[in-house]
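One structure below.
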Amino acid sequence: MTPSTPAAASAPAAVPLASSPTIPKAEIHMHLEGALESELLVTLARRNGVQLPTYDPEVLDARYRFGELQDFLDVYFDNLAVMRTAEDFHDLAALYLRRAREEGVVRAESFFNPMVHVRAGVPLAAVMEGYGAAFADARRDGLSCDLILDFTRDLGAEAADQMLTDIAPFRDMIIGVGLDSTEVGYPPVLFRDVFARAEADGLHRTCHAGEEGDPEYVRQALDDLRVERIDHGLRAVEDPELLKRIAGEQIAVNVCPLSNVALRAVDRMEQHPVFAMLEAGIPATISSDDPAYFGGQIGANFAALEAIGTPRDVLIGCIENSFEAAFIDGAERERHLAALRAAAVS
Ligand code: ADE
Ligand code: ZN
């Protein structure tokens, strides 16, 4: 241990950066299937006898260079062929939840894509049993966490409607619904009736919109799906009236900086639309999206914004926004916000 000198003893204690694991965070935009790190991918492929192009995790990681969203989705869905049993789903969720806690996450709201697994012949019960067990374990260890069912938009509204029916026996295991996957060509309005059913059943609603789709996709998510949050929302900044409306209604926009650069929705971090959103008064939040594919967990996303000089108070404000936008009750929200305030000044 280094002995403390009088100078060191009198130096002011440095306040932790927003990226520090000592700062409590909520992660409200991430996909469990996007946490499938190459090592676990290889383990599951071997466990289930599934062929991979290579069994070298480093070579697999090196393939993760994408020109646009669809390039990523092709690899992401191919990799999901290794997910077969409840144990596989448990192991994937347990890995993510462990990593999230190591990063300071105290509230996790995680998307999962059951339609993809069911189409691959996996029983929905296996998906729910595995994810459910990992989430129950994490809760017992003190993490606040919940699952959000994401509909896979390119499988269509009828399939989404069927999934909402099929999930009924597991209704208590989800807190909301979302919409993800290939955006352009699958506008939110197609899913109006499914989202209305979900709302009538007391489920929260969020939607990927404006990641590649134009501002009309964001407008439809608000008007036709009655969402409480928007995921990505990048292209809303092209429409000043829409930006003003989102700010006026204080709709949280859940931004994932490393994902947006990796999928080339944004050329350079310095040009990220999150700055225009915050300027307009929108309560933007920061999450990792698919941490196994885009270069890091939630802490790395904050660090990427810190690396370009984003002021600390702006990023602490984004963390506050994520607790405000989380689907939790008022008492829990106040508890997290108080812990954030205490950690941010020490
Ligand atoms: N599914 C997983 N990650 C996604 C993203 N960034 N956009 C749309 N669908 C997704
Ligand atoms: Zn996403």
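Report whether or not Met115 is touching a Ser or Thr at 6+ places or on another chain (Cβ under 6 Å), within 16 Å of ligand 1 (Cβ to nearest atom), modelled with pLDDT of 95 or more and more than 30 Å from Ile316 (Cα to Cα). For Met115, the condition - touching a Ser or Thr at 6+ places or on another chain (Cβ under 6 Å), within 16 Å of ligand 1 (Cβ to nearest atom), modelled with pLDDT of 95 or more and more than 30 Å from Ile316 (Cα to Cα) - is met.
For region 260-290, a tally of residues being aliphatic (A, V, I, L, M), over 15 Å from Glu306 (Cα atoms) and away from ligand 2 (no atom under 15 Å from the Cβ) returns 5.
Taken over region 268-288, the residue count meeting the criterion of being without any contact (Cβ under 8 Å) to a residue 12 or more places away in the chain and in a loop (DSSP other than H, G, I, E, B) is 1.
Would a scan of region 37-52 turn up a residue that is within 16 Å of ligand 1 (Cβ to nearest atom) and either touching a residue at least 24 places away in the same chain (Cβ under 8 Å) or surrounded by fewer than 19 Cβ atoms within 10 Å (Cβ to Cβ) (or both)?
yes
Total residues in region 85-122 satisfying the condition of being of a type outside the set (Gly, Ala, Ser) and touching a His at 6+ places or on another chain (Cβ under 9 Å): the figure is 7.
Checked against the criterion of being acidic (Asp, Glu), away from ligand 2 (no atom under 16 Å from the Cβ) and part of a loop (DSSP other than H, G, I, E, B), region 319-326 contains not a single residue that satisfies it. Here Gly142 does not fit the description of being at positive phi, touching a Pro at 6+ places or on another chain (Cβ under 8 Å) and either modelled with pLDDT of 95 or more or buried (at least 19 other Cβ atoms within 10 Å of the Cβ) (or both).
Given the residues Ile28, Ile23, which is the only one that is in contact (Cβ under 8 Å) with a residue 12 or more places away in the chain and within 16 Å of ligand 1 (Cβ to nearest atom)?
Ile28
The set of residues from region 80-102 being touching a residue at least 60 places away in the same chain (Cβ under 8 Å) and either over 19 Å from Ser38 (Cβ atoms) or not charged (D, E, K, R) (or both) comprises Leu92, Ala93, Leu95, Tyr96, Ala100. If you filter region 104-123 down to residues that are closer than 24 Å to Phe327 by Cα and part of a helix (DSSP H, G or I), you find that the one that is farthest from the chain's Cα centre (by Cα) is Met115.
Contact map, region 209-232: first residue under 26 Å from Ala262 (Cα atoms) and in contact (Cβ under 8 Å) with a residue 24 or more places away in the chain, second residue of a type in the set (D, E, K, R) and within 15 Å of ligand 1 (Cβ to nearest atom), Cβ cut-off under 6 Å, separation 6 or more or different chains; pairs are Gly210/Arg235; Glu211/Glu183; Glu212/Glu183; Gly213/Glu183; Asp214/Arg235; Pro215/Arg235; His232/Glu211. Here Ala136 meets the list (1) over 23 Å from Asp161 (Cα atoms); (2) among the small types (Gly, Ala, Ser); (3) in contact (Cβ under 8 Å) with a residue 60 or more places away in the chain almost entirely, failing just condition (3). For region 226-252, a residue qualifies if it is touching a Gly at 6+ places or on another chain (Cβ under 6 Å) and either among the acidic types (Asp, Glu) or more than 14 Å from ligand 1 (Cβ to nearest atom) (or both), and the qualifying residues are Ala236, Ala247.
Condition first: part of a helix (DSSP H, G or I) and at pLDDT below 95. Can you find one or more residues in region 10-31 that meet it? Within region 10-31, one or more residues are part of a helix (DSSP H, G or I) and at pLDDT below 95. The set of residues in region 294-346 that are surrounded by fewer than 21 Cβ atoms within 10 Å (Cβ to Cβ) and of a type in the set (Phe, Trp, Tyr) contains only Phe327. For Val177, indicate whether it is more than 21 Å from the chain's Cα centre (by Cα) and β-branched (Val, Ile, Thr). No, not satisfied.
The values are calculated or read from the model by the stated rules, or taken from the named source; none is laboratory data. These numbers come from a predicted model, not from an experiment. No Cβ is skipped: glycine too gets one built from the backbone with ideal geometry, and neighbour counts run over all protein chains shown.
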